[in-house]
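Take a look at the structure below.
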Amino acid sequence: MTSRPTAVITGASSGIGEATAKRLAEAGYRVVITARRESRLAELAADLGTAGHEVVPHAFDITDPAAVDAFAAGLDRCDVLINNAGGAIGMETVAEANPADWRTMFESNVIGTLQMTQALLPKLIDSGNGTVLVVSSTAGHGTYEGGGGYVAAKHGSHALAQTLRLEIVGEPVRVIEIAPGMVHTDEFALTRFRGDAAKAAKVYEGVDEPLTADDIAQTIVWTVTRPAHVNVDLLVIRPRAQASNYKVHRRR
Ligand SMILES: NC(=O)c1ccc[n+]([C@@H]2O[C@H](COP(=O)([O-])OP(=O)(O)OC[C@H]3O[C@@H](n4cnc5c(N)ncnc54)[C@H](OP(=O)(O)O)[C@@H]3O)[C@@H](O)[C@H]2O)c1
């Protein structure tokens, strides 16, 4: 067994998860990086390894229960679980949305988080000072037109985190929820608009300094590295130019 505290990060092949893996590695954690794209994980593992960090890549789909269980069974220890994998698909109204897209969003943002948390909770408890962190969204705290399926899924992630904290109080595991607003990552909006780069670019058009993946990574690392008895329940973080899900200042 490694002597280093171990952080498992889902969705580490891009964006917030990748940035968080880098920051946690710099903070002294052995990082176990997971996502579906094996090649992206291999690249990140090589970069972090070259920089002298301990990193273990594991490619699997968090919506596949057998894959999640096999992953957890093969892990010697887990001190921190960062449930970050997920995202949005589409901007259709409730009247017009495809239920298959809602299912996909619910599967990755909620069921994937549930399965990872269930599978690793025994190891987090055994660590003596475990942390479960859920990356929800401001979409988990308010709705907007066209956001229906993503909003519903992120309200699910929020409910999971808040419920888990109530249920495991007394165990040596804290539960943290980070709810970001607008973060300019390479793939989030591209995935949402099914690969349409022009539509994806419009999301950030004229916005002065949307948050970056590293802004969220640094925030995550700050919460995770507080003393073990300090539980940051919920942290909502937006760029200065975004006052709410609705109110975004754009340069003309
Ligand atoms: N960007 C924003 O404005 C924003 C705001 C608030 C919250 N968030 C949330 O922050 C998280 C990260 O977002 P991001 O902006 O970094 O987007 P991103 O770059 O698209 O990252 C999503 C990550 O999730 C992984 N993933 C998706 N489905 C998966 C599955 N079924 N199994 C395993 N891995 C899966 C993807 O990797 P693979 O494709 O390789 O599997 C990818 O690494 C998401 O939960 C998102 O909803 C983002």
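For K247, a cut-off of 28 angstrom between C-alpha atoms picks up these lysines, skipping any fewer than 8 places away in its own chain: K154, K199, K202.
Between the Cα long axis of helix 15-26 and the first principal axis of the chain there is an angle of about 30°, rounded to the nearest 10. For the chain, the longest principal axis of the alpha carbon atoms and the long axis of helix 148-167 meet at an angle near 30°.
Each of I62, A72, A97 was scored by the projection of its Cα onto the charge dipole of the chain, and the greatest displacement toward the positive side belongs to A97; charges sit on the C-beta of Lys, Arg, Asp and Glu. Rounded to the nearest 20, the size of the Cβ-charge dipole of the chain about its Cα centre is 580 debye, with Lys and Arg at +1 and Asp and Glu at -1.
Its Cα gyration tensor gives the stretch 57-207 an equivalent ellipsoid; the semi-axes, largest first and in whole Å, are 30, 16, 14. Using C-alpha pairs below 8 Å separated by at least 6 residues, the relative contact order for the stretch 95-252 is 25 percent.
The helix-based estimate of mean residue ellipticity at 222 nm for the chain, built from -39,500 (n - 2.57) per DSSP H run of four or more residues and divided by its residue count, is -12000 deg cm²/dmol to the nearest 500. Packing, taken as the mean count of other beta carbons within 10 Å per residue, orders the peptides 59-71, 160-172 from highest to lowest as 59-71, 160-172. For the chain, list log₁₀ I(q)/I(0) at each q in 0.08, 0.15, 0.18 Å⁻¹, using the Debye formula over Cα point scatterers of equal strength and ignoring solvent, two decimals each. Per q value, in the given order, log10 I(q)/I(0) is -0.29, -1.05, -1.52.
For R174, the residues 5 or more places off, or on other chains, whose built amide H falls under 5 Å of its own are G130, T131, V132. The charge dipole of the stretch 131-223, taken about its Cα centre with unit charges on the Cβ of Lys, Arg, Asp and Glu (plus for the first two, minus for the last two), comes to roughly 300 debye. P(r) for the stretch 157-252, from all Cα pairs and a bin width of 5 Å, is 3, 11, 18, 18, 18, 12, 10, 6, 3, 1, 0 %, short bins first. Ordering T50, Y204, A153 by the projection of their Cα atoms onto the charge dipole of the chain, which places +1 on the Cβ of Lys and Arg and -1 on the Cβ of Asp and Glu, puts Y204 at the extreme positive end. Expressed in Å, the radius of gyration and Dmax of the Cα atoms of the stretch 1-104 are 15.5, 53. Using the Cα coordinates of the stretch 83-135, the gyration tensor eigenvalues translate into equivalent-ellipsoid semi-axes of 31, 10, 6 Å, sorted from longest to shortest.
Across every pair of non-identical alpha carbons in the stretch 88-167, the mean reciprocal distance, once inverted, gives a Kirkwood radius of 13.5 Å.
Bear in mind that the values in this text are calculations on the coordinates, not laboratory data. Bear in mind the structure is a predicted one, so any value in this text is a computation, not a measurement. Positions of Cβ are backbone-derived with ideal geometry, glycine not excepted, and every protein chain shown enters the neighbour counts.
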